[in-house]
Amino acid sequence: MPMRILIANRGEIAVRIARSIIEMGHTPLGVYTSIDGNSLHRRFVHEDAEVSSYLDIDEIVEAAIHLGADAIHPGYGFLSENSEFARRVINKGLTWIGPSPEAIDRAGDKLGLKETAMKLGLPTLPYTLVRDASDIEEFAREHGYPVILKAAGGGGGIGMRVIHDGSEIESKLELSLMEVGKAFKDTRVYVEPYLDKSKHIEIQVIGDGEKVIHLYERECSIQFRYQKIIDEAPSPSISPEERRDIVNTAVELMKALGYDNAGTVEFIF
């Protein structure tokens, strides 16, 4: 039976999803903000509604109901990794096209993921949860500089600050905490070694809660302000043996999480 599916995204992402929805015989619906009034993705949906932000859960869910949507597809970025959004969609009786809220919570907790990886004997960097500047100082004494601050409960480069020596700790920590506090409910920040001249390799996985398969890797090392500019697949910089080890590690980790739906495991290499 054909479904009306609201795409909670914009631009090229929304265009590709809309095309797929149409090819499958369903009806794409959309949302847009005032500055996106002429955005290309609006031409690919049957109906759409204006919202103040692509991060406003209340407005997007209200738009879906107003447009008579049966389901919501979040795309990637924006609210796609927000378990509160997933729960709201499900609680309103709509179909959520994405990982379960529980899977999102498990996969979105970076510190929980690190602990799971350690228990499985998988390679991961050492870290310390940061309560104040002294935690960073102690960690750097043990592991050396540079180190990097990261948000425990979010991504997108928000809160990431590289610290090259002790003189930068106070100012970088203040900026990191301010950014994380504005962006995420989970305001925890942790510190780990900063790997200069590293590769960023991602493994695409699909799971059903029990079984997990991988779709190999893509290289995302070319970035600007922690945002990927070019994805290349397959990676030109890893050997067949390294590829085997990375994809097996990704599958093992996601199996341990009981992951369902599509997802990505990112490696610093």
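The values are calculated or read from the model by the stated rules, or taken from the named source; none is laboratory data. Here the structure is a predicted model, which is why all the values come from computation and not from measurement. Cβ sites come from the backbone with ideal geometry, for glycine too, and all protein chains shown count toward neighbours.
Look through segment 81-101, keep the residues that are of a type outside the set (Gly, Ala, Ser) and without any contact (Cβ under 8 Å) to a residue 24 or more places away in the chain, and return whichever of them is nearest to Ala256 (Cα to Cα).
Residues of segment 81-101 that are of a type outside the set (Gly, Ala, Ser), as a first pass: 81-82, 84-85, 87-92, 94-97, 99, 101.
Narrowing the set further to residues that are without any contact (Cβ under 8 Å) to a residue 24 or more places away in the chain leaves 87, 90-91, 101.
On the way: Arg87: 22, Ile90: 25, Asn91: 27, Pro101: 16 Å.
Taking the candidates together, the pick is Pro101.
Can you confirm whether segment 248-262 contains a residue that is small (Gly, Ala, Ser), closer than 21 Å to Pro101 by Cβ and either touching a Leu at 6+ places or on another chain (Cβ under 8 Å) or in a helix (DSSP H, G or I) (or both)? Write out each step before concluding.
The initial filter retains those residues of segment 248-262 that are small (Gly, Ala, Ser), namely 250, 256, 258, 262.
Filter again for closer than 21 Å to Pro101 by Cβ, leaving 256, 258, 262.
Narrowing further to those that are either touching a Leu at 6+ places or on another chain (Cβ under 8 Å) or in a helix (DSSP H, G or I) (or both): 256.
There is at least one residue in segment 248-262 that is small (Gly, Ala, Ser), closer than 21 Å to Pro101 by Cβ and either touching a Leu at 6+ places or on another chain (Cβ under 8 Å) or in a helix (DSSP H, G or I) (or both).
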Those residues that are surrounded by 12 or more Cβ atoms within 10 Å (Cβ to Cβ) and touching a residue at least 60 places away in the same chain (Cβ under 8 Å), I need them from segment 227-253; list them, please. Thr249, Glu252, Leu253
Take residues that are crowded, with 20+ Cβ neighbours inside 10 Å, under 24 Å from the mean Cα position of the chain (by Cα) and at pLDDT 95 or above and tell me which of the strands (runs of 3 or more DSSP E) falling wholly in segment 1-55 contain 2 or more. 4-7, 27-32
Taking Ala63 as meeting all but one of (1) without any contact (Cβ under 8 Å) to a residue 60 or more places away in the chain; (2) in a loop (DSSP other than H, G, I, E, B); (3) within 26 Å of Lys185 (Cβ to Cβ), write down the number of the exception. (2)
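Name the residues in segment 219-237 that are more than 28 Å from Ile158 (Cβ to Cβ) and either hydrophobic (A, V, I, L, M, F, W, C) or in a helix (DSSP H, G or I) (or both), would you? Even if it seems obvious, please write down each step before you answer.
Of segment 219-237, the ones more than 28 Å from Ile158 (Cβ to Cβ) are 234, 236.
Residues satisfying the conditions do not exist here.
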